[in-house]
Amino acid sequence: MIIKRLKRLLLSNKLKFTVATVLILYILIFSNIPTGFSYILHASDISGVDEEGRFLYMHGLEDEEVFPSGDFSVNRNFEPADFETEIHKNIYSFDLNDDFLILVNKDHPLLKDVDCELKNYNGFDVDERIYDSLQEMMKDAKNDGINLFISSGYRNYNTQSYLYEKKINYFKRLGYSKEEAIEIASKKVTPPLTSEHETGLAVDILSYGHDIMDQEFGESEAGVWLRENCFKYGFILRYPMGAEDITKIQYEPWHFRYVGKDAAEFIYINNLTFEEFYELILEYNESEKTK
Ligand SMILES: [Zn+2]
């Protein structure tokens with residue numbers, strides 16, 4: 001009796017339909033077919049910017065499509081918080097000669113120590129031009145019940161070299177060869193002249209509620225507050241989760257970089273990494289030159 005019923009069930013159209021639906025959903029969810037729910041942005045997807053500074057965006061085999069930057073909703077990891085934008089800036093309004101838009105990474109090392117006026121914030125030096133914004137951010141967080149503190153600010157060449165060498169030696173002591181030790185160490189500490197901390201524009205921020213530099217900081221009250229509010233003060237979360245292939249740096253929910261309010265807002269709204277933002281400005285400038 002049971003076997004008969006089971007046989008009938010297996011052959012029923014209802015079951016076939018269910019299996020097919022589940023299969024289709026599975027393929028859509030676990031494959032990279034863009035479903036419209038979320039689409040991960042990569043620099044290579046952006047084929048340029050039009051005259052009005054809007055992204056020209058390429059996906060799949062379709063032709064180029066134009067997305068106004070404000071409506072450009074990509075979802076790399078976190079949904080931007082809801083807010084009304086007062087300053088609507090398009091990519092063409094940014095100038096890479098702006099001191100605050102300096103790109104520093106392994107491919108773009110500094111040529112020498114940055115020469116900026118420093119100001120001490122609770123024991124850590126920062127470029128004095130970002131001092132007020134930093135102070136305002138820390139104060140507003142405190143008003144929201146979040147007690148933040150700086151755990152790293154400006155580092156000069158010697159300090160960065162010292163930290164880097166120390167990390168290499170640590171891995172050598174663990175038994176790695178010199179080459180291996182350098183490779184692992186450079187993922188943890190950036191080599192001298194390639195660290196944003198050498199610009200005076202980057203700060204590491206933790207909270208008294210979560211004072212360890214780990215990935216869980218990003219999910220702490222302080223980490224969430226910083227991620228959602230830092231742009232209002234001109235800062236960006238410099239190494240977001242899921243963007244390691246672009247930034248070449250692991251997710252660092254504690255590392256914030258000053259880029260100025262307009263740039264920070266633009267980067268936040270469009271869910272970009274600083275590398276992608278920089279690349280877009282370059283592309284726009286080049287398309288201007290060839291006009
Ligand atoms: Zn840092």
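The values are calculated or read from the model by the stated rules, or taken from the named source; none is laboratory data. Remember, it's a predicted structure, so these values are computed and weren't measured experimentally. Here Cβ is always computed from backbone atoms with ideal geometry, including for glycine, and neighbour counts include all displayed protein chains.
Some observations on this one:
- Looking only at region 201-241, residues that are closer than 21 Å to A263 by Cβ and either more than 16 Å from the ligand (Cβ to nearest atom) or in contact with a His (Cβ under 7 Å, 6 or more places away or on another chain) (or both) come to 11 in all.
- Scanning region 186-208 for residues that are at pLDDT 95 or above and among the small types (G, A, S) returns G200, A202, S207.
- In region 111-124, the residues that are buried (at least 17 other Cβ atoms within 10 Å of the Cβ) and closer than 18 Å to T190 by Cβ: V114, F124
- Subset of region 212-228 [assigned to a helix (DSSP H, G or I) and within 20 Å of E196 (Cβ to Cβ)]: Q215, F217, G218, G223, L226, R227
- Checking R257 against (1) assigned to a helix (DSSP H, G or I); (2) modelled with pLDDT of 95 or more, the condition it does not meet: (1)
- Test: residue in region 273-280 that is under 11 Å from the mean Cα position of the chain (by Cα), at positive phi and not in a strand (DSSP E or B): no
- The conditions of being of a type in the set (V, I, T), outside the structural domain of E117 (by TED's automatic domain parsing) and either crowded, with 20+ Cβ neighbours inside 10 Å or more than 16 Å from the ligand (Cβ to nearest atom) (or both) are met by T190.
- Check on H255, within 14 Å of the ligand (Cβ to nearest atom) and touching an Asp or Glu at 6+ places or on another chain (Cβ under 8 Å): yes
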